[in-house]
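Remarks on the structure that follows.
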Amino acid sequence: MTENLVGYVSHYFRRIEVAAIDLVDTLRVGDTIHIWGSTTDFEQKVVSMQEEHGMILEADKGHSVGVKVDQRVRNRDRVYLVSREE
């Protein structure tokens, strides 16, 4: 299984469990991502994504999005695309 880097965590909103992710590639709702860092290592499906407080289904390189996460993440954690549902 190959993983491609899609972004970096720039902030974690603890109370609402959302990661702000700066994208370096396209990310879509339904994609499976792997978030990895010095103390972070888990996979999850992207079930919702927001940009500028609005729900979106897809975002491209250069955008910053909010993604609901299952576990705590940290600034500079890497976000990899594991699989994409077609």
Can you give the alpha-carbon Rg of the stretch 4-83 over 2.2 N^0.38 Å, where N counts its residues? 0.93
What does the charge count around residue 74 come to, taking other residues whose C-beta lies under 13 Å from its C-beta (Lys +1, Arg +1, Asp -1, Glu -1)? +2
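No lab work stands behind these numbers, since they all come straight from the coordinates. For clarity, every value in this text was computed on a predicted model and none was experimentally measured. Cβ sites come from the backbone with ideal geometry, for glycine too, and all protein chains shown count toward neighbours.
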